[in-house]
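The values are calculated or read from the model by the stated rules, or taken from the named source; none is laboratory data. Note that the coordinates shown come from a computational prediction; the quantities given were computed from them, not determined experimentally. Here the Cβ positions follow ideal geometry from the backbone for every residue, glycine too, while neighbour counts run over all protein chains shown.
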Amino acid sequence: MKAIKVMATVDQQGQLALDTPLLINQNSRVEVTVLIPEASESDEDDEPKEMVLESLRQSLQDANVGRTRPISEFGFNASTSRLSSEYKKRSPKGACFSKLFA
C-alpha cells in the first residue's frame, strides 16, 4: 500500500471533504484512517494563515530593501546546528531554545 497524507473537513453529515484532490486513478477504492485531535492536543503555535502570510510578506519586503541581521546575532551556529554558548549565557530564552537544538 501507498500512503498519502491529506487534510480534510468533516461536514455535518459526517462526510469527509478533502482539502486537495487526490492524484490517483479515479474510481479506486481506498482505505482511510482518520486522526482526530483531542481537545488537550491544541497547537498553541497555530496562527491564522493570513497572519503567517502577512509576516512572510513583511519579511520578504524587509530582505528586499536590506533590512536584515546576520544569523550570528541570534546565537545559531549553522555548522553544528546548535545554539552558541555565548547566546545561552546572554539570553534567558537561550536556555529554552537550547533544548530544541540539543
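Summary of computed values
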read-out: Lone unmet requirement of (1) exposed (fewer than 10 other Cβ atoms within 10 Å of the Cβ); (2) modelled with pLDDT of 85 or more for LEU22; value: (1)
read-out: Some residue of the range 70-79 being farther than 30 Å from ASP11 by Cα, surrounded by 10 or more Cβ atoms within 10 Å (Cβ to Cβ), in contact with an Asp or Glu (Cβ under 8 Å, 6 or more places away or on another chain) and modelled with pLDDT of 60 or more; value: yes
read-out: Residue list for the range 1-42, filter: of a type outside the set (Asp, Glu), under 21 Å from the mean Cα position of the chain (by Cα) and outside any loop (DSSP other than H, G, I, E, B); value: ALA8, THR9, LEU18, ALA39, SER40
read-out: GLU47 in a helix (DSSP H, G or I) and of a type in the set (Asp, Glu); value: no
